[in-house]
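See structure below.
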Amino acid sequence: AVEQAVAETAPVAATPASLPLPNSVVARTIGRIGYPCGQVAAASAMGGGAFKVTCTSGHSYPAAPVRGRYRFRRM
């Protein structure tokens with residue numbers, strides 16, 4: 001009973017989600033669809049499987065999963 005109580009009160013370390021694609025692929029994809037990107041400066045989780053991708057060009061794009069692929073749009 002004591003072990004179960006300790007296991008329930010121990011904080012669970014949340015691991016940050018990362019975009020499952022390499023930054024070079026993301027930058028190339030954004031460039032191919034006609035948006036300026038350069039290189040990916042940062043990618044952070046937005047929730048629901050979506051990510052916010054910030055490029056060195058200063059633009060940011062949400063990457064949302066649609067039917068197993070990521071869809072990029074301007075913010």
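Each value in this text was obtained by applying a stated rule to the coordinates, not by laboratory testing. This is a predicted model, so every value here is computed, not measured.
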### Task
With θ set to phi - 60°, apply the Karplus curve 6.51 cos²θ - 1.76 cosθ + 1.60 along the stretch 31-36 and write out the HN-Hα couplings as whole Hz, x wherever there is a Gly or Pro.
x, 5, 8, x, 9, x
### Summary
Any residue on another chain or 5+ positions along whose placed amide H is under 5 Å from the amide H of residue 41 is listed here as 54, 55, 56
